[in-house]
Amino acid sequence: MKSDAVAFGIAGILFGLIAGWIIGSQQAAGRPPAAQQAAQQAPASSSSGTTRAAVLDETQVNALKTVAERETSNAAPRVQLGNLYFDAERYDDAIKWYGDALKLTPKDVNVSTDLGVSYYYSNQADKALAQFDNSLKLDPKHAKTLLNVGIVKAFGKQDLDGAEAAWKQVLALAPDSPEGQAAKRALDGLQSAHAGVARKPGA
């Protein structure tokens, strides 16, 4: 059984590897996928750097709420509201709107996973993993979900074996995708950290 210190040390190494991928991906795209955001947030308690929340555009929020009230069966404005609140780090509000959207489109794996990441951000790792299970029932090969499972298991549960298994799935399913590249770096870091721990006397 690994000590907490070893687990956190390995988690720190993994974050460093994943963070490199986040930076590159954010430059190439607009709003980062939930998997990137989860990785970015995961080590907040152990990282000296801080991320700045997006400023919430109240005018846009009010406009989307008006559309959502008028179009009661339209999931799109609810997803957009979830995204805005998530980017502003108002995770309880994001949970509400992603949840409302998912009621209208229960088979939308991306919304399901975004809801799971929001649970993780609000310090509900178990709920996050349960939501990811729902996502994987919809699409067992959803790379973004599997990458997030690994991130939450590593950072939220200190379950490094579980994280390794999830990342291996990502690598097997989508080795050339951004998620696959992040999973490979995380796995490489995990193996290096294990090797370093094994060389330490008494570890």
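Give me the lysines in straight-line cross-link reach of Lys65: C-alpha distance below 27 Å, same-chain residues under 8 apart excluded.
Of all the lysines, those that pass the test against Lys65 - Cα under 27 Å, at least 8 places apart if same chain - are Lys96, Lys103, Lys107, Lys127.
Can you pull the semi-axes for segment 87-129, root of five times each eigenvalue of the Cα gyration tensor, sorted largest first, whole Å?
Semi-axes from the Cα gyration tensor: 16, 12, 8 Å.
Calculate one ³J(HN,Hα) per residue across segment 129-135 by plugging θ = phi - 60° into the Karplus curve 6.51 cos²θ - 1.76 cosθ + 1.60, and present them in order as whole Hz with x for glycine and proline.
Whole-Hz 3J(HN,Hα) from phi for segment 129-135: 5, 5, 5, 5, 4, 5, 4.
Can you work out the FRET efficiency for the pair Gln191 and Lys107, with r the C-beta to C-beta distance and R0 = 30 Å, to the nearest 0.05?
The computed FRET efficiency comes out at 0.25.
Can you pull the one-decimal nm distance between simple spin-label points at Arg70 and Asn134, each 7 Å off the Cα toward Cβ?
According to this spin-label approximation, the distance is 2.9 nm.
What residues qualify as long-range amide H neighbours of Glu89, i.e. H under 5 Å apart, gap of 5 or more or another chain, H built at 1.01 Å from N?
Ala54
Taking just the alpha-carbon atoms of segment 68-171, what radius of gyration and Dmax come out, in angstrom?
My reading of the Cα-based Rg and Dmax gives 13.7, 47 Å.
We did not get these values from a lab; they are worked out from the coordinates using the rules stated. Here the structure is a predicted model, which is why all the values come from computation and not from measurement. Counting neighbours? That spans all protein chains shown, and the Cβs are built from the backbone with ideal geometry, glycine included.
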